[in-house]
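Before any comments, here is the structure.
The values are calculated or read from the model by the stated rules, or taken from the named source; none is laboratory data. Everything quoted here is computed from the prediction, not taken from an experiment. Neighbour counts are summed over all protein chains in view; Cβ atoms, including those assigned to glycine, are modelled from backbone coordinates with ideal geometry.
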Amino acid sequence: MHCPLCNTLNRDDAKFCKGCGQSLHPSQAAPAEAMAEAINHVPTQETQVATAGQAASTDAAQEPAPLEASASEVSRPEEDPTLAPTLILTPEKMVAYHQRRWQEARAAQDTPEADASSESNFDAPAVSSAPAQIGSPVEPEQARNAIDLPAPITQSQDEHDAIPIPPPPPPSAESLAEGETKAAPGEAENNAGYVENAGYPEMEKVETMQDSSEHASSEQAEPSTPEGAINQVPAASGDFALLALGTTLQGRYEISQVIADNPQEHVYQVIDHQGYQRCWNCNSEHNAEGDDFCIDCGASLLDIPYNMHEYSAVQNQEDTPVLQGNIVNTFVDQGRTYVIEQIPAEQSVFPNGVHLLAATSSDAGNVRRSDPNEDSSLVLQIQRIHESISSPVGVYIIADGMGGHDNGQLASHMTINVIAERMTRELLLAPLIAEKEGAPAKPFDEEGLMALLHDTIEDANSALCQVNTRDKTDMGSTLTGFMIVGEHAYIVNVGDSRTYMLRNKQLYPLTTDHSLVAQLVASGLIEPDDVYTHPQRSQIYRSLGDKPNTQIDIFKQQLHPGDILLSCCDGLWEMVRNPQIESTLNNAPDPQTACEQLIDLANTNGGEDNITAVIVYVQ
């Protein structure tokens, strides 16, 4: 029969066109809405399947599109989508179903090693205090009790001693996590003043392996072998060298990446150029060479990625590890055994989405009880749940009006208002308006989110500068806080207010103070504890309202269930030391109680300044 869409000639018993994937029996198809429901039922992160599966055809493979069904796609049964007719099922469209299936299979043979491996797949690198972006010395009229600083103490990213924040250990591998160490992440600063994480230990390891494989291939003096044979032949049984990238085995499996290099096992990612021999989706063997789509299920058969395990000729059977994925093929070539494994989907650390519990509180403090409270805070959050999956978006900010300047309370008030207005319009309302009008909401990528946060803070800075110029005033504000979108927090800081994270019952500072005493500590001239009592501890070199285009620290942090984020002004952290903050956050039952307890501690310890806190529990 001929396909009504592309006119390709198919066998009479074909269910789908081998040339375009069009269903040849449209009466069996169900509405497209059911397809979207089945696909979107399980949240997934970017997977190796989606990335490698699209690499050969589009540049968008580096960031696969969300798993959403278009109006032209047809549904499949909710329990097993492989059994129903579809139009075109690419690997990323089936990853939601495979995630459920593989997780059930892997749960029965879960081991500490497997858990640790799974954790490394989705853990973002640890974030620590960001390096101060130090420019020219401040002017005499700048921020709190402004001074003429000496030449700035520059700090390169290599010299910055970052404090790593390890991810929570797997539930079944606590003992493994106790002895585990992580290298401090690198940090990179772009022209807009952002500070972002750039340290991915796993990615660095892969690059090293690729380099080693290329080095090994360059040392090979053997002539190339015919197509289908291994390009690198071991010189002896004990020689177990890595195969070069681009090597093709059995005329079909091309090595695209080295995943692991062990003495008796190598793991590669390969591309199957003969996917027609066995459909990755329904296991059909009814397809023929030249078929782009499976005639039984409509799945794409082009350049499907797999993991390939290579075992040496001296591999002991009892040492062979148990593979967790679906084995689709095995063969022996040149004395080595090869196992082709379907790539498992990555498991999200938030299977039901992110749930947030936020609170904020403020107090004038004991010493300044009779004066206006110059602090302001913002909790702006929307949390929608669709199909049992929570997708929160929130902005949490502390603004501390400049002490000793005109209208400090007005400065912090204006700062919060400008941020709230723009974030409400562009971050919260934009998707809702788009959905109301029937148009797809434009998703924010990481760069877009950071740009929005940066520009919003710059708007607040510009507003303060304009008022200062117009009214001949000298008001300003420090600012710290974070924006949460999905599973990531974007930390922002200007001045000497602070943001912390509590993870695994341990407190980590996420921001670097833009203050004189912080520079003195970094240069080794004073001890870290001296910042609490130093006579110049209130002198800072960066604030909002001082000058246009102020530098803003922004960086990204992966969240995990159980994390607690705290933003506070200097009136809190100067009165309450880190051990007390850590103990309070570990023992408080909810964020509102934690806020009140920290404020009480600050007043008990002196209460010399206004005290404000914003706390978010991540669940």
Open item on the list: I'm told GLU421 meets every condition in (1) at pLDDT 95 or above; (2) not in a helix (DSSP H, G or I) except one. Can you identify the failing condition by its number?
Closed with: (2)
Open item on the list: I'd like to know if the range 517-537 contains one or more residues that are under 18 Å from the mean Cα position of the chain (by Cα) and assigned by TED's automatic domain parsing to the domain that holds ARG384.
Closed with: no
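Here is a yes/no grid of residues against (1) over 19 Å from the mean Cα position of the chain (by Cα); (2) closer than 22 Å to LEU356 by Cβ:
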residue: LEU452; (1), (2): no, yes
residue: SER462; (1), (2): yes, no
residue: VAL467; (1), (2): yes, no
residue: MET483; (1), (2): no, yes
residue: SER497; (1), (2): yes, yes
- [ ] Scan the strands (runs of 3 or more DSSP E) fully inside the range 493-585 and keep the ones with 1 or more residues being of a type in the set (A, V, I, L, M, F, W, C) and under 24 Å from GLY408 (Cβ atoms).
- [x] 564-568
Open item on the list: Regarding the range 377-392, can at least one residue be identified that is in the same structural domain as ARG422 (by TED's automatic domain parsing), in contact with a Leu (Cβ under 6 Å, 6 or more places away or on another chain) and either more than 20 Å from HIS488 (Cβ to Cβ) or surrounded by 20 or more Cβ atoms within 10 Å (Cβ to Cβ) (or both)?
Closed with: yes
Open item on the list: Which of the numbered conditions does PRO351 fail, given that it passes all the others? Conditions: (1) in the same structural domain as SER477 (by TED's automatic domain parsing); (2) modelled with pLDDT under 90.
Closed with: (1)
Task: Where a residue in the range 590-619 is touching a residue at least 12 places away in the same chain (Cβ under 8 Å) and in the same structural domain as ASN504 (by TED's automatic domain parsing) and its partner, wherever it lies, is in a helix (DSSP H, G or I) and of a type in the set (Asp, Glu), with Cβ under 7 Å and at least six apart - done: ASP609/ASP570
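Pick from THR456, THR469: which is assigned to a helix (DSSP H, G or I), polar (S, T, N, Q) and in contact with a Lys or Arg (Cβ under 6 Å, 6 or more places away or on another chain)?
Of the residues listed, the single one that is assigned to a helix (DSSP H, G or I), polar (S, T, N, Q) and in contact with a Lys or Arg (Cβ under 6 Å, 6 or more places away or on another chain) is THR456.
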